[in-house]
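As structure tokens, the structure follows; a few thoughts come after it.
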């Protein structure tokens, strides 16, 4: 058999995970990565920390360089190669090298890891001081702008976790920050009680949050710089810097044009092997769908952890292995100033939309024994009245949140019912938890409510 | 029906949990708690923090006072009532009030929550400056001794979690501390790699650990004070204070004498309703056995969390409810200076002793993304080669340990196999975890080892 070639489009989390995994499985396989940018394999989730200065140098975010992959892993990483077309019939892709020179690369197996694109859709996004925090190159430009121009006032459009993390970073740099949020609540999908805590944290650090404020246009000056963001019915906020953080949409056009099936979410449909509808073509990361294990439905939840897992499985299978990725339970955590906010599973509204009969309790407890300065934890548990099954959990607090939400995530993975959660053997010592962990308190409250009904 | 009376022997964690739960279920029930000491319902696990001074006043450890229970919950708490005999045939107990006055109390249901007793068995334990840290009264005496006598040098016998927590507390108070450990390792049941980290932490804080050093006698002076502890074959350590932390044994004699079945562990045998072998008699807490959900066998693991759960279930059933407590997976966490150490499930040796075919991997990772000062985490995973089932996990590190061991505990509760753990949807953001959580890294290493064999 002649040497097989695996081509991977995109060299960030999913793409490089696929490449590395394929290499481990098959030392003979030829592996070509086509990356349109100048960086591979960096931690996108670390960008706000580079912005704040907590991460001093961008190179710290780069897990491995292109040279490393070329030399140590024999992976042919080609930077500044933007793929423009996939021809599944002839098993080849067309790319532009350095935005000009056409290149054709044939493949035996293909992994599409084109990622997501900022969901930008208002006039003025092209102005010089309008930024996103979605990729390394853009964030390097943003930080350089801040350090050179010293803007004093930033308007952030969107209050998803990136918007909030950037707000934190900019306040850290001494800027005045306004957030425009088009909906009623920060952090889409967060329950009102938890969202309230986040708003309090923002307020406590001087961030002004304007809700029900859909940004409409960004106005600029003669020099091509943004000066204000217009929102809602006549609102306007002056800005010396605009950050767009309205989420991302899957970069799936390339796949769609090639006849690869796109799911209802707009992202590429994949099975548990990360195989698309087209033979020999896999997809992974922010361009692909993922199965939600609570609803059983494909969904779009672009996150770094999922991208790594999907990439790994795609690489494994593209190299002839037998990996599978069953899906996610929707776990997310973010740090907003001193507050950690986390969720897993479905909120009440999502649960109802998926045909469950949700009920919920909200409790307050502490992160440690009270007598050694435990910090408050707010936790909400959602379950299905019909079956008692846990559907979701959200938490907020200053410590002990991230890995505690994981305990709830495990309960979702195990499809536990609330009555099975009353006496879980969770660790206890005064510095780490109260004797009844907040999660057990919530489960017991839920059980009481179930027993009464 | 005449008014029913529930009698509870012991008023700390299990006993007061039982009383409170019974009261909630049945407002009419007469509830009598016979407690031999002067305190009820305090956090035993907080005693080392009271000792160090982190908890300023003993009253902070008391969750509710006897008065609270009497007045707010109509629970007849009788302090300084030591039960001397149970007569199951006549459904009554005999007690001594204030060590002198005999009292007889009849019951319809009885909960035995007599707790555990320090496992002391060497000459000299009666000397005036020999202490334990097992109950509030004893710990109050110990702290008073330290503050009044200002001893400079302590010898701690035993390096279980209480021995280590007390070592931490005494160093915090400026004392020179020596620990005598009879076995090869600190923290019984800890894996060698994890134990090594603990030893390093002790060493780093000036604590001298002498292993293979079984204490034989405590020698004293003419005033009845201890002056040294003799150990092994001729060793001796001078001491101005001796702390015995060699674990506890169940206080089960009262039950045994009454014909209640004692399990092979020496603790009272109970079913999942906390019922003993004798009709209408329940047992809970440090005097009772508990089922280990990994082995399926009854075991003796006296811990505050379990005592609370068992007490609650005993109280529920004694009041006519239908609670059940299936058991534990053996989760434990402790803080030793800056280091947190945790375990859940079985170690390799225990797994082998229970007929499994254990295999294990040990990995090092970090508590956060490396680029924002993640701290090292050492994790060991144990699984069964025959089935792939997870059997246990141990971890050590300066942050992110306690609730991370809970994720492994959840995997044990759910009886997960290693291949099911590769892609768990655990929370990720740079301040809380690396993109592949240490637990996922360990699971992936385990899976590699399984695939190779």
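Look through region B:103-122, keep the residues that are in a loop (DSSP other than H, G, I, E, B) and modelled with pLDDT of 95 or more, and return whichever of them is nearest to residue B:46 (Cα to Cα). The qualifying residue nearest to residue B:46 (Cα to Cα) is B:115. Residue by residue through region A:423-446, note down the ones that are in contact with a helix residue (DSSP H, G or I) (Cβ under 8 Å, 6 or more places away or on another chain) and farther than 19 Å from residue B:396 by Cα. Result: A:423, A:424, A:434, A:435, A:436, A:437, A:438, A:439, A:440, A:443, A:446. Among the residues of region B:130-150, those that are in contact (Cβ under 8 Å) with a residue 60 or more places away in the chain and more than 24 Å from the chain's Cα centre (by Cα) comprise B:145, B:146, B:149.
Looking only at residues in region B:273-283 that are in a loop (DSSP other than H, G, I, E, B) and either within 11 Å of chain A (Cβ to nearest Cβ) or farther than 18 Å from residue A:424 by Cα (or both), the one that is modelled with the lowest pLDDT is B:279. If you take the residues of region B:24-61 that are touching a strand residue (DSSP E or B) at 6+ places or on another chain (Cβ under 7 Å) and touching a residue at least 60 places away in the same chain (Cβ under 8 Å), which of them is nearest to the other protein chains (Cβ to nearest Cβ)? Ranking the qualifying residues of region B:24-61, first place goes to B:61.
Scanning region B:289-321 for residues that are in contact (Cβ under 8 Å) with a residue 40 or more places away in the chain and assigned to a loop (DSSP other than H, G, I, E, B) returns B:293, B:294, B:295, B:297, B:300, B:302, B:319, B:320, B:321. Regarding residue B:56, is this residue more than 18 Å from residue B:141 (Cβ to Cβ) and either outside any helix (DSSP H, G or I) or within 25 Å of the chain's Cα centre (by Cα) (or both)? Here the answer is no, as residue B:56 does not meet what is asked. Scanning region A:344-351 for any residue that is within 9 Å of chain B (Cβ to nearest Cβ), touching a residue at least 24 places away in the same chain (Cβ under 8 Å), under 20 Å from residue B:421 (Cα atoms) and in contact with a helix residue (DSSP H, G or I) (Cβ under 8 Å, 6 or more places away or on another chain) turns up at least one such residue. Considering only residues in region A:211-231 that are in contact with a strand residue (DSSP E or B) (Cβ under 8 Å, 6 or more places away or on another chain) and not in a strand (DSSP E or B), the one that is nearest to residue A:120 (Cα to Cα) turns out to be A:214. Beta carbons closer than 8 Å, at least 6 apart along the sequence or on distinct chains, pair a first residue in region A:180-204 that is without any contact (Cβ under 8 Å) to a residue 12 or more places away in the chain with a second that is in a loop (DSSP other than H, G, I, E, B) for A:192/A:185; A:195/A:185; A:195/A:186; A:195/A:187.
Only a single item in (1) assigned to a loop (DSSP other than H, G, I, E, B); (2) in contact with a helix residue (DSSP H, G or I) (Cβ under 7 Å, 6 or more places away or on another chain); (3) closer than 18 Å to residue A:107 by Cβ is not met by residue A:270, and it is number (2). Please work out if residue B:163 is assigned to a helix (DSSP H, G or I) and crowded, with 16+ Cβ neighbours inside 10 Å. Against the criterion (assigned to a helix (DSSP H, G or I) and crowded, with 16+ Cβ neighbours inside 10 Å), residue B:163 qualifies. When region B:300-339 is limited to residues that are more than 7 Å from every other protein chain (Cβ to nearest Cβ), farther than 15 Å from residue B:283 by Cα and out of contact with any strand residue (DSSP E or B) (no Cβ under 7 Å at 6 or more places or on another chain), the one that is surrounded by the most Cβ atoms within 10 Å (Cβ to Cβ) turns out to be B:336.
Quick check, is residue A:208 under 27 Å from residue A:300 (Cα atoms), in contact with a strand residue (DSSP E or B) (Cβ under 6 Å, 6 or more places away or on another chain) and at pLDDT 95 or above? No; evaluated as a whole, the condition is false for this residue.
Residue B:295 fulfils the conditions (1) within 14 Å of chain A (Cβ to nearest Cβ); (2) under 21 Å from residue B:41 (Cα atoms); (3) in contact with a helix residue (DSSP H, G or I) (Cβ under 9 Å, 6 or more places away or on another chain) except for a single criterion, (2). Given the criteria facing another protein chain (nearest Cβ under 8 Å), under 21 Å from residue A:266 (Cα atoms) and not in a helix (DSSP H, G or I), does residue A:286 qualify? Considered against the rule, which asks whether it is facing another protein chain (nearest Cβ under 8 Å), under 21 Å from residue A:266 (Cα atoms) and not in a helix (DSSP H, G or I), residue A:286 comes out as no. The requirement of being in contact (Cβ under 8 Å) with a residue 24 or more places away in the chain, under 23 Å from residue A:309 (Cβ atoms) and touching a strand residue (DSSP E or B) at 6+ places or on another chain (Cβ under 9 Å) is satisfied by residue A:117. If you filter region A:64-102 down to residues that are part of a loop (DSSP other than H, G, I, E, B) and in contact with a helix residue (DSSP H, G or I) (Cβ under 8 Å, 6 or more places away or on another chain), you find that the one that is surrounded by the fewest Cβ atoms within 10 Å (Cβ to Cβ) is A:74.
The values are calculated or read from the model by the stated rules, or taken from the named source; none is laboratory data. Only a predicted model underlies this, so the values are computations on that prediction, with no experimental measurement involved. Glycine also receives a Cβ, built like all others from the backbone with ideal geometry; neighbour counts cover every protein chain displayed.
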